[in-house]
Every structure is written in C-alpha cells, then in structure tokens.
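Please find one structure pasted underneath; my questions will follow.
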C-alpha cells in the first residue's frame, strides 16, 4: 500500500532542508522525484536520481515553463508536495516592528505561490482524473505560539539574515497566518476536487531539530512536548509517504499533525 513505484512526484521546495528529506522518503518508496525550487548559484550536490528545475512560485510564467517540461517528459503528475517557506530581514522582530513589505513577501511566497501551483497542477490532475496534493503547514497554523520560549533564542541568526542583536526575538505572525491559510485551502480543494479523485491533505510538523539552534531554546521547546524533544528531520517522511500513497486512498481534507504531542496541551 505504501509502494510509490511508477508514481511521479513533484516537490516544490525540494532543495530546502525539509524538502530534501521529503525527496529521500519518496525515493525510498520507489517514486520518480522531480524538484522545483529557487535558482541557486551553488552547484547541486545531490547524487540521487532526481530531476531539478529552477522555479519562481510567484511567477505564473515560471510555473508554466516547469510544468510543461514535466508533463512533456512524464505525461503525468501523481503527487504534488508544496514545502516552501521564506524569511525576511525583519521576520523575527516584534510584531509592531515588522514591515508591511516583509509581511507581503511571505504571503506571496508561501500562500499565493501555493494558490498558483495548486491551480496549475490541478488542471493537469483534472485531466488525469487522479492525484495527491500534500501541502506543508505547521502546528502554528493550528495553535498560537508560546512567546515565552523565544526569550534567549538564536532563531534570527539561524533562519534569517535579520538583526541578530535584536533585544527581543519573536516568531513571525505572518508564518501563523499563511500556515492557517494552507490548511484552509487544502480543505477547500479537497471538497472541490473530491468527486474526480484528487486528494488534498496537509502535514503540520512540530519543531524540527536544527544543529545550530541554541540549547536554551531547544530545552524550552522540548519541555512543552509530551515526547520531550524536537522531531528528527526524517520523522516527517512517514506522514508524507502515507498521504502520497494508496495507504491513504480514503483520506482527503485532513491535516496530519506530527508534533510529538505539542498540540494536546
């Protein structure tokens, strides 16, 4: 039921840290994996049998070019994974200091980009009469942050190019807004496409370990998790393969929370 052999999986954001792990999970179950992500000046070091395309998810023309190449070569897209996140220079500043420009940039990348990808890939899946879309949300699309755990953290230095000397570091409000929107859009599309066999689901990860996060933040975060720790990078792959495969053939419109129990308290 978890076999993905013969399935074509398009992973948007597949050059990112979590995206690369998703590609590993899909490959290990037999899928043909295609990555589309921002162009990078760095050489692609991936030795695995993955196709790579440069894409700008905020540009409809860029999306069209990539999808035309994928469809011409593979004739179908079985699985769409949207794992895209962005940060701005003021992402981790207090809410009252965040710029409208930064807010709009994240909305554009994470939510409007998803709208465009789902719309355009959806047209192909409508013609196929099947498909599985998996959008990556977050626990912060479900619940609010406990802002107390960010005191003394180094998240700004780890995840953005912002002011690492900020007096107070806060998780960005726009992140919560877009991730809630991702869940809402998945529910809408699951109902919209349900009668033609296109399934649309979400995964909402909890905090994932990063080697550069400081111990103070990790300890505070872990104290709020029933399992007592942050997730390993590959611990999201089981959920992804499940939703991509026939094991979840009767699952659509679902937000699968993988958080070690964070949201039960």
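The values are calculated or read from the model by the stated rules, or taken from the named source; none is laboratory data. Please read all numbers here as calculations on a predicted model, not as lab measurements. Cβ atoms come from the backbone with ideal geometry, glycine included; neighbour counts cover every protein chain shown.
Run down 188, 192, 250 and say which single residue is part of a loop (DSSP other than H, G, I, E, B) and closer than 30 Å to residue 125 by Cα.
Numbers: 188 fails: part of a loop (DSSP other than H, G, I, E, B); 192 fails: part of a loop (DSSP other than H, G, I, E, B).
Residue meeting the stated conditions: 250.
Please enumerate the residues belonging to the stretch 202-231 that are farther than 21 Å from residue 108 by Cα, outside any loop (DSSP other than H, G, I, E, B) and touching a helix residue (DSSP H, G or I) at 6+ places or on another chain (Cβ under 8 Å).
Taking the stretch 202-231 as the starting set, the residues that turn out to be farther than 21 Å from residue 108 by Cα are 205-231.
Subsequent filtering for residues that are outside any loop (DSSP other than H, G, I, E, B) retains 205, 208, 215-222, 231.
Selection gives 205, 208, 217, 220, 221.
Could you pull out the residue among 158, 143, 177, 182 that is in contact with a helix residue (DSSP H, G or I) (Cβ under 7 Å, 6 or more places away or on another chain), in contact (Cβ under 8 Å) with a residue 24 or more places away in the chain and not in a loop (DSSP other than H, G, I, E, B)? Let's see the steps before the verdict.
Numbers: 158 fails: in contact with a helix residue (DSSP H, G or I) (Cβ under 7 Å, 6 or more places away or on another chain); 143 fails: not in a loop (DSSP other than H, G, I, E, B); 177 fails: in contact with a helix residue (DSSP H, G or I) (Cβ under 7 Å, 6 or more places away or on another chain).
Exactly one of 158, 143, 177, 182 is in contact with a helix residue (DSSP H, G or I) (Cβ under 7 Å, 6 or more places away or on another chain), in contact (Cβ under 8 Å) with a residue 24 or more places away in the chain and not in a loop (DSSP other than H, G, I, E, B), namely 182.
Right, something else. Restricting attention to the stretch 95-115, which residues are surrounded by fewer than 17 Cβ atoms within 10 Å (Cβ to Cβ) and part of a helix (DSSP H, G or I)? Walk me through how you get there before you give the answer.
Here is the first cut: in the stretch 95-115, the ones surrounded by fewer than 17 Cβ atoms within 10 Å (Cβ to Cβ) are 95-97, 99-101, 104, 107-108, 112, 115.
95, 96, 97, 100, 101, 104, 107, 108, 112, 115 - these are the residues of the stretch 95-115 that are surrounded by fewer than 17 Cβ atoms within 10 Å (Cβ to Cβ) and part of a helix (DSSP H, G or I).
To continue, here is another question. Find all pairs meeting these conditions: Cβ atoms under 7 angstrom apart; at least six residues apart or on different chains; first residue within the stretch 192-204 and surrounded by fewer than 22 Cβ atoms within 10 Å (Cβ to Cβ); second residue part of a strand (DSSP E or B) and at pLDDT 95 or above.
193/200
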